[in-house]
Amino acid sequence: MTELTRADRSSAAPLFTPRAVAWCMGAGAAGLFAFTLGNRVVGPAIFGPVPEPIDVAMMIVGARSLFHLAFVYLLLGLVVLPAIYVLVLRPLSLRMVPDLPWWLTGIAFGGMIWLTALAIVVYDVPEFWNVPNFPAVIWSALVGHLGLGLAVAGVAERRPR
């Protein structure tokens, strides 16, 4: 596949058509799949076993039920994070460094999400330090977030223009 020229990038399709919103949510679904794969399979294979993610996530989010946890997970993964990439990060990266490849922007996006999540968890959930195998949880989360960033960027970059 060839890279888009600067003229192609500036003449992008409108952002809020039903097709564009569906494409953005598809990017989010791919990102959630990559996050789960990285956080539950690849990360633990490299860094060691991690506790059940539902228990850890319920502690982090402060959820009282699985419904609340699923709602937050899907809202962030399908709507908020892809929208941040499509509406803010990618246009900003194209303005600042026009020749920056999409995959590098995706890796940066995943790293920024991981750092933000880590800062929130460390600040708001002091008992998080007591999670069994804490380092494996942190590094597996990094693998998952990098996968999420790459998947969202990859799908979003292939959006019809």
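Data table
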read-out: Residue that is surrounded by the fewest Cβ atoms within 10 Å (Cβ to Cβ) [pool: residues in the range 120-146 that are out of contact with any helix residue (DSSP H, G or I) (no Cβ under 7 Å at 6 or more places or on another chain) and part of a loop (DSSP other than H, G, I, E, B)]; value: Pro132
read-out: One residue from Pro53, Pro18, Pro91, Pro101 being closer than 18 Å to Ala141 by Cα and either of a type outside the set (Asp, Glu) or within 11 Å of the chain's Cα centre (by Cα) (or both); value: Pro53
read-out: Residue check, Phe35 exposed (fewer than 15 other Cβ atoms within 10 Å of the Cβ) and either in a loop (DSSP other than H, G, I, E, B) or not acidic (Asp, Glu) (or both); value: no
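Condition check ((1) aliphatic (A, V, I, L, M); (2) at pLDDT 90 or above) across all residues:
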site: Val56; (1), (2): yes, no
site: Leu69; (1), (2): yes, no
site: Ile84; (1), (2): yes, yes
site: Ser93; (1), (2): no, yes
site: Trp103; (1), (2): no, yes
site: Phe109; (1), (2): no, yes
site: Ala117; (1), (2): yes, no
site: Asp124; (1), (2): no, no
site: Leu142; (1), (2): yes, yes
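The values are calculated or read from the model by the stated rules, or taken from the named source; none is laboratory data. All values derive from a computational prediction rather than experimental measurement. Cβ coordinates were reconstructed from backbone atoms using ideal geometry, including for glycine residues, and neighbour counts include every protein chain displayed.
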